[in-house]
Ligand SMILES: [Cu+2]
């Protein structure tokens, strides 16, 4: 029930975002004056019998809400695989984690999410898929809820499909992200269609550092896209704070008093954003009497996202060495870190659930189930479990929810 609800809300929010973008402006890709086009092609990866394909938009700009779709299928038949748990990690080009979730679930082989990549460059989407096997929390899972290869092609046909308990597999996909850029198409005087494009050449717009923004006005119709002799009044605002404002536009005939002017339709300005956040860039553009396209005076707005500073989202590596501690990292291998810990008899071991998901530390193995030697019970995010073993030997343990998560304790 919960899972269905979250899927419905994400579809709803996606629809709302799509409506917001499409509803207000025509939002389209323009290649006529694009100086760099970085394309994404669908990525397909297979290991053994499992195939993952990732579909991302052809062109992705930094800070845009971007839909990513992943399909999981049986490599041989191509049929989707039902009931898969997912852990997703998105990293920026510096390797900093920008988004992570370990509680996603797909019922019928499709795993969708939206993410805004904060900067240009090659980001990484890392996906771990976990199958649902016959046991969970020590109880029998109804056969309908196993991971199946959906040869029947029907949601109601799970029972007739072959079970596919493939375990845990991790796949990494590179995603090409271009700098922030937005295009608005507006209707000018006499029905002229004008494209106004905002772009920056910086990989990331960072507070406190000079950033050059370019506004390009072009003709959406006709042979020569450039519009010449355009005056612009540009304001940069954050709430009521006005960060910068150019001089007033000129008259119909002439630019006055140092207004921004583009002889060939392109106006550039360099500014320093004082702090991180969203800024509104509003531009009043007007064609002059000598311009090749007479579009009158038009207003257009763009939202620019400014990051705190170039390293602010790099997660600090914790240098503190934890002794006799196992971090429960979740569904991605090695699941428990270290996955094989050696302690002396009578020494305390601490299990630290550093993941956001529920897990257990249960002695035994996924096939034969718990052997009753120890069991943490459900550990939620941030919980710890301490264990002392007095008998030397090798102890296997696993997570009773995510049965591909396994680890070993060696007691000397
Ligand atoms: Cu678990």
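The values are calculated or read from the model by the stated rules, or taken from the named source; none is laboratory data. It should be emphasised that the depicted structure is a prediction, and the values quoted were computed from it without experimental measurement. Counting neighbours? That spans all protein chains shown, and the Cβs are built from the backbone with ideal geometry, glycine included.
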Residue check, residue 305 assigned to a strand (DSSP E or B) and either at pLDDT 85 or above or exposed (fewer than 14 other Cβ atoms within 10 Å of the Cβ) (or both)
yes
Among the numbered criteria (1) at pLDDT below 95; (2) part of a strand (DSSP E or B), which single criterion is violated by residue 119?
(2)
Matching residues, the range 36-57, being assigned to a loop (DSSP other than H, G, I, E, B) and surrounded by 16 or more Cβ atoms within 10 Å (Cβ to Cβ)
38, 40, 56
Is it the case that residue 374 is part of a strand (DSSP E or B), within 13 Å of the ligand (Cβ to nearest atom) and either touching a residue at least 40 places away in the same chain (Cβ under 8 Å) or more than 28 Å from the chain's Cα centre (by Cα) (or both)?
no
Residue check, residue 105 against (1) out of contact with any helix residue (DSSP H, G or I) (no Cβ under 7 Å at 6 or more places or on another chain); (2) in a strand (DSSP E or B); (3) in contact (Cβ under 8 Å) with a residue 60 or more places away in the chain, all met but one. Which one?
(1)
Restricting to the range 388-407, and then to whatever is surrounded by 15 or more Cβ atoms within 10 Å (Cβ to Cβ) and away from the ligand (no atom under 16 Å from the Cβ), can you tell me which residue is nearest to residue 169 (Cα to Cα)?
395
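Take the residues in the range 351-371 that are outside any loop (DSSP other than H, G, I, E, B), away from the ligand (no atom under 12 Å from the Cβ) and free of Cβ contacts under 8 Å to residues at least 40 places away in the same chain, then tell me which one is farthest from the chain's Cα centre (by Cα).
Of the range 351-371, the ones outside any loop (DSSP other than H, G, I, E, B) are 351-353, 359, 362-365, 369-371.
Adding the requirement that they be away from the ligand (no atom under 12 Å from the Cβ) leaves 352, 363-365, 369-371.
Filter once more, keeping what is free of Cβ contacts under 8 Å to residues at least 40 places away in the same chain: 352, 363-364, 371.
Working: 352: 26, 363: 36, 364: 36, 371: 40 Å.
Among residues in the range 351-371 that are outside any loop (DSSP other than H, G, I, E, B), away from the ligand (no atom under 12 Å from the Cβ) and free of Cβ contacts under 8 Å to residues at least 40 places away in the same chain, the one farthest from the chain's Cα centre (by Cα) is 371.
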Selected residue (criterion: farthest from residue 115 (Cα to Cα)) from residues of the range 126-151 that are in contact with a helix residue (DSSP H, G or I) (Cβ under 7 Å, 6 or more places away or on another chain) and surrounded by fewer than 15 Cβ atoms within 10 Å (Cβ to Cβ)
143
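Is it the case, given these coordinates, that residue 202 is touching a strand residue (DSSP E or B) at 6+ places or on another chain (Cβ under 6 Å), farther than 28 Å from residue 304 by Cα and not in a strand (DSSP E or B)?
Working: touching a strand residue (DSSP E or B) at 6+ places or on another chain (Cβ under 6 Å): yes; farther than 28 Å from residue 304 by Cα: no; not in a strand (DSSP E or B): yes.
Here the answer is no, as residue 202 does not meet what is asked.
Out of 81, 60, 7, 11, which single residue is under 30 Å from residue 144 (Cα atoms), modelled with pLDDT of 90 or more, surrounded by 11 or more Cβ atoms within 10 Å (Cβ to Cβ) and not assigned by TED's automatic domain parsing to the domain that holds residue 205? So that I can check it myself, show each step before the final result.
On the way: 60 fails: under 30 Å from residue 144 (Cα atoms); 7 fails: modelled with pLDDT of 90 or more; 11 fails: modelled with pLDDT of 90 or more.
Being under 30 Å from residue 144 (Cα atoms), modelled with pLDDT of 90 or more, surrounded by 11 or more Cβ atoms within 10 Å (Cβ to Cβ) and not assigned by TED's automatic domain parsing to the domain that holds residue 205 holds for just one of 81, 60, 7, 11, which is 81.
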May I ask you to verify whether residue 385 is within 15 Å of the ligand (Cβ to nearest atom) and at pLDDT 95 or above?
yes
